[in-house]
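Single-structure report; data block below.
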Amino acid sequence: MPEKFYITTPIYYVNSDPHIGSAYTTIVADVIARYKRIMGYDVFFLTGTDEHGQKILQAATQNGEDPQSFCDKLAAKFKNLWKDLNITNDYFIRTTNEDHMRVVQSFVSKMKENGDVYKGKYQGWYCIPCETYWSEEDLDESKICPSCGRELKFIAEDNYFFRLSKYTDKLLKHYEENPDFVQPDFRRNEMLKILQSGLKDLSITRTTFSWGVPMPDDLQHVIYVWVDALINYISAVGFMKDESRFSYYWPADLHLIGKEINRFHSIVWPAMLMSVGLPLPKKVFAHGWLTVNGQKISKSLGNAIDPRFLADKYGNDVVRFYLLRDIVFGKDGDFSEQNLVNRLNADLANNYGNLLHRTTAMIKKHFNSKLPERDLSDSKLVEEVMTAVKSFTHLMDTLQITQALDKAMELLTLANKYFDEKKPWILAKDENKKPLGSVLYNVCEILLKVAVMLAPIMPETSLDVMNRLGFNGDISEQLLSTWGVLKSKDTVKHGKPLFTKIQEKQTKPVVNTQLQEDNLISIDEFKKIQLKVGKVLRAEKIPKSKKLLKLIVDLGPLGQRQIIAGIANYYEPQGLLGKSIVVVINLKPVKLMGLESQGMLLAAKSDAELKILTVDGSIEPGSAIS
Ligand code: ME8
């Protein structure tokens, strides 16, 4: 019987489209799931969407949609993206699914029966984007969210509370007895500090909106979105529905999450499970956060890269490889498209693709495309390869994924060095083709090992490489643990280069190009802004103002208007006379330094400069601009 391995990602909020951050966690989880399958485990890989709560309700309302159809649309986007990114999740859970909602109610009822839920009054601060309560001690005077830096809302409600405080000591004991429960260690220590300072009871219902799971026996309340969400990990594997399935999969082997939601997974969730008497997950791994070109990923900065766009441009495998190679798993890391291109060119096109290409070319030419005889005389090489493979599996098993990937890359370096040192192009001149054959065989066998090691990360490429090497069987652990898997005389295919290098000038950055649906306006909305050509008739400084100039502008049939513009630091009044500029004419008039401004001129501004927009050539004042 194979051993089971149950792995989860966070279930993502459906308030906005998936981005490179959610894709990162899901891709890493997919890599681990694929690796475990190769190693013979019976894997269950779960992902899904978190669809209740105030944040989702707000997003739906802002979009003018009822929350359920809004969630349906967004959940489909996540589901489809994972399919396109080659994610092999076994199930996709949605918290608006009725089965899940029933489980949430039963779970909370059970906590109540066990004496862990009581009614009280919550008064304090709440972060809607994080759906998180904060107590006064966590905050300074500014009352901004310690996690996301956004403004908090003060709420005062009659709520039900969970006796989280009761579990402080039990949790501390669990941490002590299971030193690997939370990983990496520095994240475990953060949680230990919170536990050591003592836990407070947690408000677990809300009454000011109804988009959530109703509290059993008190329908005025909906269950706190985090309680609802965490329960997905058990409702998805049959809790209270299919007990044999549930007891087979639970406890989860790994909850993979981002660092900002560690407290929910490593403290709140385990305490909830203790309350109802269920075993705790075996491991929580909280990875770091991705920035983009050094900046936090944020919708307002417009840098929330669309993973599909990236995958379309470079290919799924390349994006997956880059994320695992460049972002040290566990630590914060920066996404940079330039670094992705550098990795593609150096690691993939040069070290991997080129070696395969050179090797298969020689087998085609000198061995009529048949894999030459295996040769065991080079035991030092074989030993080095097998040591690297062993470290690879150890590193993968202990979730040191970036370091495991280093081992595969080291093997490629080793094989390239071996190829160059053995000079097969000189051996090829020899009548006796055995020495040439054995070098080429050894390189092929290393390439096969690398393809297997990289299969969880670059599944399509690995299948392609294995096929070119003449291997068409299943990918399994045995291909890693024994030397000499490839069979002499099998047909090797010499094809197109595996990867195409990208020259710098070919890359147009994908950052900032994503169209955010909620930022888009329709042509009718754009047409509401009336733009006309205005000819500057007069321009003068305004006494006591350093920044403002007063302009009188001729708008043809619309007459003349006075415009007060903040351009005095950049233009002398004289220099503006006669210019045909762009004027917004339907802006509400405002008073600046006591003077009415009856329109606005358009200008381009950088940190250091400001340039007024003018019309290219001469045209009647008052002409419409569209
Ligand atoms: O927190 N870098 O959902 P969410 C790396 N619904 N990972 C990132 C990231 C970034 N910049 N941005 C997001 C929620 N992530 C809850 C979870 S689970 C029971 C409920 C990833 O949509 C990372 O895994 O805000 C993070 O923890 C998760 O997306 C947050 O997703």
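The values are calculated or read from the model by the stated rules, or taken from the named source; none is laboratory data. All figures in this text were calculated on a predicted structure; none of them were measured in a lab. Glycine gets a Cβ as well: all are built from the backbone with ideal geometry, and neighbour counts include every protein chain shown. For the accessible areas, the whole protein counts, side chains as well, though only heavy atoms, and no ligand, DNA or RNA atoms are used. Shrake-Rupley method; radii C 1.70, N 1.55, O 1.52, S 1.80 Å.
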>> Let me test this: with uniform point scatterers at the alpha carbons of the range 293-378, what is the Debye-based log₁₀ I(q)/I(0) at q = 0.16 1/Å?
In response: -0.76
> Which loop trypsin sites (Lys or Arg not before Pro) in the range 539-625, with loop taken from DSSP, have no more than 14 other Cβ atoms within 10 angstrom of their Cβ?
Replying inline: K544, K546, K547
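Counting each pair of different Cα atoms once, what's the Kirkwood radius of the range 92-198 in Å, rounded to one decimal? All intermediate terms of the calculation are to be shown ahead of the outcome.
On the way: mean 1/r = 0.0600 Å⁻¹.
One over the average 1/r among Cα pairs gives 16.7 Å for the range 92-198.
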> Separation between the V615 and L192 pseudo-spin-labels, each 7 Å from Cα along Cα→Cβ, expressed in nm?
Replying inline: 7.3
> What list of ³J(HN,Hα) values in whole Hz, one per residue of the range 396-403 in order, does the Karplus curve 6.51 cos²θ - 1.76 cosθ + 1.60 (θ = phi - 60°) give from phi, with Gly and Pro shown as x?
Replying inline: 5, 4, 9, 6, 8, 5, 4, 5
> Ordering D50, D312 from largest to smallest accessible area (1.4 angstrom probe), what's the sequence?
Replying inline: D312, D50
> Once you mark the GluC sites (Glu not before Pro) that are in a DSSP loop and have at most 16 other Cβ atoms within 10 Å, what is the longest gap between them in the chain?
Replying inline: 142-372
>> Tell me the accessible surface of T614 in square angstrom (1.4 angstrom probe, heavy atoms of protein chains only), to the nearest ten.
In response: 70
>> Please compute, for the alpha-carbon atoms of the range 1-119, the extent along each of the three principal axes and give them in descending order in Å.
In response: 47, 41, 21
> Straight-line reach from K170: which lysines have a Cα under 30 Å away, not including same-chain ones fewer than 8 places off?
Replying inline: K4, K110, K112, K119, K121, K193, K200, K241, K259, K282, K283, K331
> Which lysines, on any chain, are close to K390 with Cα under 18 Å apart, when same-chain ones fewer than 8 places away are left out?
Replying inline: K36, K380, K407, K449
> So how exposed is L171, as accessible area in Å² (1.4 Å probe, rounded to 10)?
Replying inline: 0
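Translational diffusion coefficient of the range 224-346 at 10 °C, 1.306 mPa s, Stokes-Einstein with Kirkwood Rh over Cα pairs, in µm²/s as a whole number.
Values: Rh = 17.0 Å.
Taking Rh from Cα pairs, D becomes 93 µm²/s.
Rounded to the nearest 0.05, what FRET efficiency do E477 and Q574 give with R0 = 56 Å and r taken as the Cβ-Cβ distance? Could you check?
That gives a FRET efficiency of 0.10.
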>> Quick query: amide H of D50 versus all other amide H atoms, modeled in the peptide plane; which residues come in under 5 Å with a sequence gap of 5 or more or a different chain?
In response: Y12, Y13, V14
>> List the lysines whose Cα sits under 30 Å from the Cα of K528, skipping any in the same chain fewer than 8 residues away.
In response: K73, K299, K547, K550, K579, K588, K591, K605, K611
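So which chymotrypsin sites (Phe, Trp or Tyr not before Pro) in the range 91-136 pass both tests, a DSSP loop state and at most 15 other Cβ atoms within 10 Å of the Cβ?
Values: sites: Y91, F92, F107, Y118, Y122, W125, Y126, Y133, W134; in loops: none.
Within the range 91-136, no chymotrypsin sites (Phe, Trp or Tyr not before Pro) qualify (loop, at most 15 other Cβ atoms within 10 Å).
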> Can you pull the Kirkwood radius for the range 316-423, inverse mean 1/r over Cα pairs, to one decimal in Å?
Replying inline: 15.7
> Sequence-distant or interchain residues sharing an amide H contact under 5 Å with D42, placed H: which?
Replying inline: E3, K4, F5
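Ignoring ligands, DNA and RNA, how do R308, R150, R325 rank by accessible area with a 1.4 Å probe, largest first? Don't jump to the answer; show the numbers that get you there.
Working: R308 75, R150 125, R325 40 Å².
Descending order: R150, R308, R325.
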>> I need the calculated FRET efficiency for the pair K296 and I426, taking r as the beta carbon distance and R₀ as 56 Å, to the nearest 0.05.
In response: 0.55
> Considering only G575, Q54, A565, whose Cα is most displaced toward the positive end of the charge dipole of the chain, charges sitting on Cβ of Lys, Arg (+1) and Asp, Glu (-1)?
Replying inline: G575
> With r defined as the distance between the Cβ atoms of K528 and D242 and R0 fixed at 60 Å, what FRET efficiency is calculated, to the nearest 0.05?
Replying inline: 0.60
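Looking at the range 1-66, I'd like the Rg to Rh ratio, where Rg is from alpha-carbon atoms and Rh is Kirkwood's inverse mean 1/r.
1.16
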> Taking the convex hull of the alpha carbon atoms in the chain, what volume per residue do you get, in Å³?
Replying inline: 213
